[in-house]
Amino acid sequence: MQQRRSSSSTYGRPSGTDGSDFSYRMVVDSRYTRVAKGKSRLSVLIVAQVLILFLGIFYILSTQKDEMINKCALLSTAAGQISLIVGELGRRRSRVNFLKSYMAVSSAAVIVTSACAIKDNPLLKVC
């Protein structure tokens, strides 16, 4: 019966790593650490955006019990929540298209929410 050869050579080093690609590995290593730091910062920002969004939902629902619920604010909040889900998926799986759509939909939701607030609040209207 034949014995299987191990993947390491006589010196204990895995095959294919003769050390000649050390400089390339050091360049790539810094990129990986930058990506990891960026992903952790994005995670913190997404959590902060979730908290702010939930505060906005509670504010909308608590202030508008007597009147009809502002559909504009509610729809933009829903779009913001959907964009957060897409952004979290993009962050976890490193999908650039998901992150781009998160950025676009989240920005649009903030603009629509701001426009609704300006339209509904007489103190914020521009002459």
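Points 7 angstrom from Cα along the Cβ direction at Gln64 and Val27: gap in nanometres?
5.4
Which ³J(HN,Hα) values in Hz, rounded to whole numbers, follow from the phi angles of the range 102-119 under the Karplus curve 6.51 cos²θ - 1.76 cosθ + 1.60, where θ = phi - 60° and Gly and Pro get x?
4, 5, 5, 5, 5, 5, 5, 5, 5, 5, 5, 4, 5, 5, 5, 5, 5, 5
Taking H as built 1.01 Å from N, whose amide H comes closer than 5 Å to the amide H of Asn70, not counting residues under 5 places away?
Here nothing satisfies the definition.
Each reported figure results from applying straightforward, stated rules to the coordinates on display, with no laboratory input. The model shown is predicted, which means the values in this text are computed figures rather than measured ones. Virtual Cβ from ideal backbone geometry, glycine too; neighbours counted across all protein chains shown.
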